[in-house]
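Here's the structure we're looking at; comments come further down.
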Amino acid sequence: MINLWILLLIITTISVGLVLIFSDNQDCSNGWYVTGYYTPFEEDFAGESTQIQIDGKEFKFDNEFLKTIKTEGWGKTKSNQYLGWYDSEFHLNNFPTDMHGNELIVSMIAADESVLDQGIQVLVPTLPEHWNDRMLIVSDIGPSIIGKHIDVYTGEGEIARVETERITGIDNTLCVEQ
């Protein structure tokens with residue numbers, strides 16, 4: 001029985017120490033709104049098509065796919081190119097990009113530059129499992145990302161879309177890595 005109490009005391013001491021280390025290296029605040037964005041696949045849409053022009057060439061894409069790209073920023077076409085929406089027009093590229101032209105990678109986030117500087121790392125321990133212990137990197141901005149709001153890039157396809165819904169929530173805690 002004494003050995004069990006000693007083991008519990010050791011575990012508690014280690015846990016408290018880890019929490020103190022975690023707290024010393026991070027500046028945390030509450031009240032954060034978290035949303036997600038992803039890259040949809042054209043093949044997941046099967047509605048009516050619209051013809052658009054990109055660099056003087058004609059292309060035809062599903063209406064809902066185009067509408068989703070205008071919200072999410074990028075979509076992967078059936079020809080494995082990426083169709084992006086920025087500067088009020090469509091663009092083709094070999095990969096989806098952030099505002100700096102860098103390839104989007106899962107765990108990159110868009111944030112208000114007046115609140116979080118580009119390049120810093122943050123942790124949101126209040127997010128669901130697999131996101132709550134992942135370092136997120138501020139590397140993008142978005143027109144609707146204002147104040148204590150971050151938008152997490154969750155990846156490509158239907159699984160990534162589901163993840164955007166899973167992580168979206170209010171009153172999250174965000175910790176800036178020091």
Binning every alpha carbon pair distance of the chain at 10 Å from zero, what are the percents per bin? 9, 33, 27, 16, 8, 4, 2, 0
What's the longest piece of the chain with no exposed GluC sites (Glu not before Pro), counting a site as exposed if DSSP puts it in a loop and it has at most 15 other beta carbons within 10 Å? 49-112
Helix 63-72 axis, angle to the chain major axis (alpha carbon atoms, nearest 10°): 40
Mind telling me which of Ile52, Ile145, Ile109 comes out most flexible in a GNM of the chain, alpha-carbon contacts under 10 Å? Ile52
Specify whether the C-alpha gyration tensor of the stretch 42-93 places it in the rounded, prolate or oblate class, a ≥ b ≥ c being the square roots of the eigenvalues: rounded for a/c under 1.5, otherwise prolate if a/b is larger than b/c and oblate if not. rounded
When the chain is treated as a Gaussian network with springs between alpha carbons less than 10 Å apart, the largest mean-square fluctuation among Asp151, Asp55, Asp117 is found at Asp55
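We did not get these values from a lab; they are worked out from the coordinates using the rules stated. What you are looking at is a predicted structure, and each value in this text was computed from that prediction instead of being measured. Neighbour counts run over all protein chains shown; Cβ positions are idealised from the backbone, glycine included.
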